[in-house]
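The values are calculated or read from the model by the stated rules, or taken from the named source; none is laboratory data. As the structure is a prediction and not an experimental result, all values here were calculated from the model. As a convention, Cβ positions derive from the backbone with ideal geometry for all residues, glycine included, and neighbour counts pool all protein chains shown. These area figures cover heavy atoms from the full protein model, side chains too; ligands, DNA and RNA do not enter into them. Shrake-Rupley method; radii C 1.70, N 1.55, O 1.52, S 1.80 Å.
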Amino acid sequence: MRDRSADRAGGYFANSNYKSDVNYTLEMCRWVTRPIGVWPFVYTRASKAEKLVSIILFTVCFSDLLFSIIPPGHYLMFVEKNVYVTVKLLGPLGFCLSSTIKYLYLVFKGNVFKRCIVRVERDWQTVADQRFRQIMIRQSSISRHLIVLCAIFLYSGGMSYHTIMPFVSKPKMRGNQTLRPLIYPGYDAFVDSQASPTYEIIFSMHCLSGFVKYSITTAAYSLAATFVTHICGQVQIQIARLENLVDSIQRNTGHNPISVIVREHVEILRFSKNVEEALREICLTEIVESTFILCVLEYYCLLEWQNSDVVAIFTYVMLLISFTFNITIFCYIGELLTEQCSKIGPAAYEIDWYNLPYKKAHDLVLLSVVSNYPPKLTAGKIFTLSLNTFSSVMQSSVIYLNLLRTVMN
């Protein structure tokens, strides 16, 4: 069996299809991150022209996010006195602020993401066995499907909130004047937001900021899903090697298969550590954001139910489903990482290790012990992303909802 020991030599790659395989694996990440200027920050081989365009895109997107935060934030803190209007603004502004934080993390931690992408590319370059390549392709397919689902939920719910709901829900009045809708108020202190073309410019900026915010969340999720499913593929390859271990030793193929398994297991642990380092702050922001946003969205649904605004109810329910799905998948990939990495120990025990020479069978003990402490995806080293964490987020959002209802009544 040809293995990863058949590494690159003289420009030859063990996997002759590695370019198309890498493109297939990273394609969704590239599609999502390029429009917001993140891709050249996380990819090593970006050209100077791409980097220049990326800086321009980052400047435009970041300025648009600030445009959606600063005037409405000033309005919220110093102008608006109605507590119900204040609560209605907390959700959109909170999400805008958390998206900006995630955006900065994606850009300024680009070197850590680069190391992870380089590792993914190297794994594709050195996989020689077609069975192992199929395992990796299958995991890449899973990540692509998850990213598409995440994008569908976020963009459908989020962009309908920015484009459809303001025009078809109940109109707002100022005396006898019907106000044209804006997602974020607070611009009247600087300009007449109802006059043309000022209104059209502000509305377009809000729509663009909505696209940027949901692209940021999808980008963070796409990188997390791609890296974690890649790790799962590498773990499954190690399990396949373990299943063939006894036959490989008995055939005496000329290399030590146990050393290959141990070396690759160490590489998996190192890669997992890099992934956790790259995503820990983003995951923490996601946990805090989801707890807060789910709470206020639940409150908005109840509030619009009392107002009998069908369109608003439908939009907020879509957003609630989108954010619930998003945090579910974030926690699921954390659970998946821990679950898959912990399978190596049981796999080492389930083979016919008793048919191995004593010293070689003894080498499996350390592998089993290490697998008892699988890597974890954490949120700022405070929470471990798992399905239990998802349950805690949902419970906390309901608790805060009850507290918010008590305060508002």
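Structure notes:
- Isotropically averaged projected area of the stretch 169-321, using the convex hull of Cα atoms (one quarter of hull area), nm²: 14.7 nm²
- The stretch 291-409, dipole about Cα centre (Lys/Arg Cβ +1, Asp/Glu Cβ -1), debye to the nearest 20: 380 debye
- Vicinal HN-Hα couplings computed from phi for the stretch 211-219 (Karplus, 6.51 cos²θ - 1.76 cosθ + 1.60; Hz; Gly/Pro x): 4, 5, 4, 6, 5, 5, 4, 5, 5
- Considering every alpha-carbon pair of the stretch 75-210, the percent of pairs per 10 Å bin, from zero through the bin containing the longest distance, is 9, 26, 27, 16, 12, 8, 2, 0.
- Paramagnetic reach from E339 (point 7 Å along Cα→Cβ, amide N under 19 Å) across the stretch 352-385: 371-379, 384-385
- Computed over the chain with a Gaussian network model linking Cα atoms closer than 10 Å, the most mobile of V393, V79, V32 is V79.
- Taking the C-alpha atoms of the stretch 34-108, convex hull volume expressed per residue in Å³: 74 Å³
- Computed FRET value (nearest 0.05) for K81 with L387, which takes r as the C-beta separation and R₀ as 45 Å: 0.60
- Long pairs among K19/K109; K88/K109; K109/K343; K109/K381; K19/K343, criterion Cα-Cα beyond 21 Å: K19/K109; K88/K109; K109/K343; K19/K343
- Beyond 31 Å in Cα-Cα separation lie the following of the pairs K51/K376; K48/K102; K114/K359: K51/K376; K114/K359.
- A straight chain from L66 to N372 at 0.36 nm per residue would run longer than the Cα-Cα distance by 105.6 nm.
- Cross-link reach list, lysines versus K81, counting only Cα pairs under 20 Å and skipping chain neighbours closer than eight places: K172
- With θ taken as phi - 60° and the Karplus curve 6.51 cos²θ - 1.76 cosθ + 1.60 applied, the whole-hertz 3J(HN,Hα) list for the stretch 128-137 is 10, 6, 5, 5, 5, 4, 5, 4, 5, 5 Hz, x standing for glycine and proline.
- Percent accessible area from carbon and sulfur atoms, the stretch 296-409, protein chains only, probe 1.4 Å: 63 percent
- Simple spin-label estimate for Q194 and F325 in nanometres, 7 Å along Cα-Cβ: 3.8 nm
- Shown for the stretch 1-160 is the translational diffusion coefficient from the Stokes-Einstein equation, using the Kirkwood radius over Cα pairs, a temperature of 37 °C and a viscosity of 0.692 mPa s: 175 µm²/s.
- With the alpha-carbon atoms of the stretch 362-409 aligned to their principal axes, the span from lowest to highest coordinate is 67, 17, 8 Å, starting with the largest.
- The stretch 305-366 - Debye-derived log10 I(q)/I(0), Cα point model, q = 0.19 Å⁻¹: -0.80
- Along the axis of the charge dipole computed for the chain (Cβ charges of +1 for Lys and Arg, -1 for Asp and Glu, origin at the Cα centre), the listed residues F330, T163, S396 are led at the positive end by F330.
- Tail beyond 17 Å, pair distance distribution of the stretch 179-243 (Cα, percent): 61 percent
- Debye equation applied to the C-alpha atoms of the stretch 252-378, log10 I(q)/I(0) at 0.18, 0.20, 0.22 Å⁻¹: -0.97, -1.08, -1.19
- The angle between the Cα long axis of helix 310-341 and the longest principal axis of the Cα atoms of the chain comes to about 20 degrees, rounded to the nearest 10.
- Gyration tensor analysis over the Cα atoms of the stretch 246-314 returns equivalent ellipsoid semi-axes of 55, 16, 7 Å (largest first, whole Å).
- Which of V311, V127, I142, positive extreme of dipole for the chain (C-beta unit charges): V127
- 5 angstrom amide H check on L179, placed H, neighbours 5+ away: K172, M173, R174
- Close amide-amide hydrogen proximity is noted between T378 and L385, each under 5 Å apart and 5 or more residues distant or on a separate chain (H modeled in the peptide plane; Pro and chain starts excluded).
- Helix 83-108 axis, angle to the chain major axis (alpha carbon atoms, nearest 10°): 40 degrees
- Once backbone amide H atoms are built at 1.01 Å from N, Y43 has no partners under 5 Å, excluding neighbours fewer than 5 places away on the same chain.
- Partner aspartates and glutamates for K360 [C-alpha distance under 16 Å; skip if fewer than 8 residues away on the same chain]: E243, D247, E350, D352
- Using only side-chain charges placed at the Cβ, +1 for Lys and Arg and -1 for Asp and Glu, the dipole size of the chain relative to its Cα centre rounds to 740 debye.
- Solvent-accessible area of the stretch 51-137 (1.4 angstrom probe, protein heavy atoms only): carbon and sulfur portion equals 72 percent.
- For the chain, the equivalent ellipsoid derived from the alpha-carbon gyration tensor has semi-axes of 49, 24, 15 Å in decreasing order.
- Listed residues I399, I101, I344, most fluctuating in the chain (Gaussian network, C-alpha, under 10 Å): I399
- The residues of the chain have, on average, 47 Å² of accessible surface per residue, using a 1.4 Å probe with all protein chains present.
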